[in-house]
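Readers should treat all values here as calculations from the given coordinates under stated rules, not as data from a laboratory. Remember, predicted model here, so these are calculated numbers, not experimental data. Ideal geometry is used to build each Cβ from the backbone, glycine not excepted, and the neighbour counts take in all protein chains shown.
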């Protein structure tokens, strides 16, 4: 027994698919901002926790106006004169 698809059944299926599609779009416009706020708050907490982990302890903080030097700069100049020789060249067409 073969059954053939009717035009009304086909149109009904297309209509159901379109209704579901537009329903998802409307619901996502309503709930997307709420979801984005939730994700942003979670990321803020995560990054804030990482930042607090790397802060200096309260005892090690310097008083206002106090100066400390962690590393002395090298006395050598940053340019090196022995980097190689200059080669002049011409382009050949």
How far apart, in nm, are the 7 Å Cα→Cβ label points at residue 92 and residue 6? 8.4
Rg/Rg_ref, the range 7-51, where Rg_ref = 2.2 N^0.38 Å and atoms are Cα: 2.04
Label-point separation, residue 50 to residue 29 (7 Å along Cα→Cβ), nm: 3.5
